[in-house]
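See structure below.
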Amino acid sequence: MSLFTGVYQINVRVKEIKKAVEWYEEILGLRVLKDYGKTVVLEHEGGVPVCLIEKSTHTELPDNLEGTHPVFSISPTSVEACRKTLVKRGVVVLEGGSKGHFKFKDLDGNLLEAYLPGLYQEDRFKSYR
């Protein structure tokens with residue numbers, strides 16, 4: 001039996017909260033759920049909330065290029081449209097990955113990922129592997 005009932009939220013450290021909130025709203029389409037000043041909780045359809053937390057001025061943002069990072073789910077019909085839209089909006093989309101997932105960066109350089117659920121389990125997604 002698991003000790004937990006689910007994932008409550010994903011925390012992302014940012015340099016400037018107002019600019020970060022604007023980016024996540026305009027670029028990723030998330031909406032503000034709660035605004036506590038230096039901490040803002042964003043929501044998106046059917047997903048775990050994303051909590052942006054403004055770092056203190058003396059703290060450096062962690063380099064998460066090889067470590068833990070938020071992963072957003074995408075639908076099978078919008079994999080390429082998602083990638084193209086992000087590129088069109090000026091997002092740094094990293095090379096690599098398969099057609100069913102890719103990584104990209106937010107305005108502070110935080111690593112994020114778009115992932116097609118079921119990518120490795122179902123035969124119908126075999127072409128995305």
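FYI, it's all coordinate maths here, none of it is from the lab. All values derive from a computational prediction rather than experimental measurement. Here Cβ is always computed from backbone atoms with ideal geometry, including for glycine, and neighbour counts include all displayed protein chains.
Determine which residues of region 85-118 fall in the zone a paramagnetic label at Val71 would reach in this model, i.e. backbone nitrogen under 15 Å from the point 7 Å along Cα→Cβ. Correct set: 97-104, 111-118.
Rounded to 0.05, the FRET efficiency of the Glu80 and Thr39 pair, given R0 = 35 Å and the Cβ-Cβ distance, is 0.55. Note on Lys99 and Asn11: the model spin-label points, each 7 Å out from Cα along the C-beta direction, lie 3.9 nm apart.
Using the Cβ-Cβ distance between Lys88 and Val32 with R0 set to 25 Å, the FRET efficiency works out to roughly 0.60.
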